[in-house]
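Enquirer: Sharing a structure, written as structure tokens. Questions coming.
The values are calculated or read from the model by the stated rules, or taken from the named source; none is laboratory data. Every value quoted in this text rests on a predicted model; they were computed, and no experiment measured them. Cβ sites come from the backbone with ideal geometry, for glycine too, and all protein chains shown count toward neighbours. Heads up: the accessible areas ignore ligands, DNA and RNA and are worked out on the full protein's heavy atoms, side chains in. Shrake-Rupley method; radii C 1.70, N 1.55, O 1.52, S 1.80 Å.
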Amino acid sequence: MSETTLFKSKLGLIAATVGSAVGLGTVWRFPAETQANGGAAFLLVYTLCIFILGVPIMLSEFALGRSGRCDAVRAFSRFDKRSPWVGTGMLAVLASYMILIFYMVVGGWTVEYLVTSVTGDLYQALPAAAQDSHVMDTMFIAKMRQYVETPWAPLIATVAVISMTIGVLLGGVQKGIERLSNVMMPLLFVLLVAFCCVTLSLPGAGEGVRFFLNPDFSKIDAGVVINALGQALFSLSLGMGILITYAAYYPSDTRLVKTSVTVSGLTLMIAVLMGFLIFPAVTSFGLADHKFGGTTLVFVTLPEVFMNLPGTRVWSALFFLLLFMGALTSIVSIAEVSVAFVADRFKLSRTKAVIYTILPMFVLSSICSLSFSTLSHITIFGDNIFGFLDNVTNNYMLPLVALFGCLYVGWVAPKNLLRDELTNGGKLAYNLFDRVVHVIVKWVAPLAILIILLSNIF
Ligand code: PHE
């Protein structure tokens, strides 16, 4: 692999990796999960999961990718082409491609909400702020439904997101992915902090902060732990082949342990800031009894919050800009998994690989987008196309890839692979931390992921 395909700077590499991690899962699913699982208790377990399991699993993916300087499939076939473990790489590429299909659609929704916040359409013909929140609820839900259930508008937004993704990917690792992340991640962070300053100064904000930070340990049960672990894996982009692919672009002197702790810490920090944005705002405006599940948090509850703030459209536009940036940097990272695979497998130039990989999205994501309108009659195992893709990838494919990935690095790959990568080929000392990581990758992480998988199946 030539030098130009490596990330150019340390900061850029961190921004790109955090950019992948901070997506809709971190920004939107995290507060929803926190609310559903008892607030602070969930945050505590999630934090433990991130550092005890997330960091070691991330390191195993980094080690696989950087040692081979290859895509996710070759990472598993490098030592033995005919080994059944190659299937893990294939599964990672397949899962990431399937996620890409429906993520483009959700990305489109964020674009639509950004545009209609700017134009003011989102808030037109809605009752004034003082009115009953349940009336507003119904109206925002109706808006959302009306939007996704018409064929054209979401389709156009989806096509816009696909085109932007192609644009970024054609730029390559440095001029596309790295440059995008260098602009968007700091901006996302600044916006988030600005939002927190506003929400934390609202009257009644304290109650939301208490819910988020004051743990009620009696709320911790097996369900909470399993959900927190699932959320930790998802929010760190584990089990998708992304970190294997990105690590192949890490220079050989990058310290993997430091990188993974930094990336995990920043992701956690952004999730926590998101909590500070949401919980004070909803308690302040009396919306705490709303359930955030599904799409309601960002497309229903938050617009209600913005209705109550002076400068509704400005805050609303800034928030959906933030969400869009989170989505785009994640989309680009997951698309890169397939691009790297196709380029390697078929020996194609980057440009051709991007085109062959992403062009089909115009058809596939459009079909997915239409699964709420024209194609809503098509169901697979009881879900529409969108729901099926979401369900099968999240609940089964991702945990499987993460599980097999750990087993592969821990038990099958050459013994020194992890050690060499953690120590940069012996330049750094192999310390206690590294040894603990090894044990976790070998024993603890596979067991924990197996439990998630079994709980999803039964
Ligand atoms: N960590 C990402 C998120 O929180 C996971 C993801 C990455 C999902 C890329 C889709 C695409 O959203």
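Enquirer: Taking the Cα centre of the chain as the origin and placing charges on Cβ (Lys, Arg +1; Asp, Glu -1), which of Ile156, Val441, Pro31 is farthest toward the positive end of the dipole?
Expert: It is Val441.
Enquirer: Highest mean first, what order results for 324-336, 236-248, 392-404 on Cβ atoms within 10 Å? It would help to have the intermediate numbers written out before the result.
Expert: Working: 324-336: 25.2, 236-248: 29.1, 392-404: 21.7.
Listed from highest to lowest mean packing, they are 236-248, 324-336, 392-404.
Enquirer: Follow-up question, since we're still on this one. Using a 1.4 Å probe, what is the accessible area per residue for region 170-247, in Å²?
Expert: On the way: 3210 Å² over 78 residues.
Computed with neighbouring chains in place, this is 41 Å² per residue.
Enquirer: Now, a different point. Where does the chain land at 222 nm, in deg cm²/dmol rounded to the nearest 500, when only DSSP H runs of n ≥ 4 count, each adding -39500 (n - 2.57), divided by all residues?
Expert: Numbers: 21 runs with 305 residues, N = 458.
Calculated mean residue ellipticity at 222 nm is -21500 deg cm²/dmol.
Enquirer: Taking the mean number of other Cβ atoms within 10 Å as a proxy for protection, how do you rank 6-12, 423-429 from highest to lowest?
Expert: The most tightly packed comes first, giving 6-12, 423-429.
Enquirer: Okay, moving on. Given Lys175/Lys427; Lys81/Lys258; Lys258/Lys442, which pairs have Cα atoms separated by over 28 Å?
Expert: Lys175/Lys427; Lys81/Lys258
Enquirer: Sticking with this one: Find the centroid of the Cα atoms in region 359-423 and in region 69-100, then give the distance between the two in whole Å.
Expert: With region 359-423 and region 69-100 each reduced to a Cα centre, they are spaced 12 Å.
Enquirer: Let me ask another. Span-like helices, the chain: DSSP H, alpha-carbon axial extent 30 Å or more, mean Kyte-Doolittle 0.0 or greater, which ones?
Expert: Sorted by number, the helices that extend far enough and score high enough are 86-119, 179-200, 256-284, 312-345.
Enquirer: Taking amide H positions as placed in the peptide plane 1.01 Å from N, state which residues far from Asp383 in sequence (5 or more) or on other chains have amide H under 5 Å from it.
Expert: none
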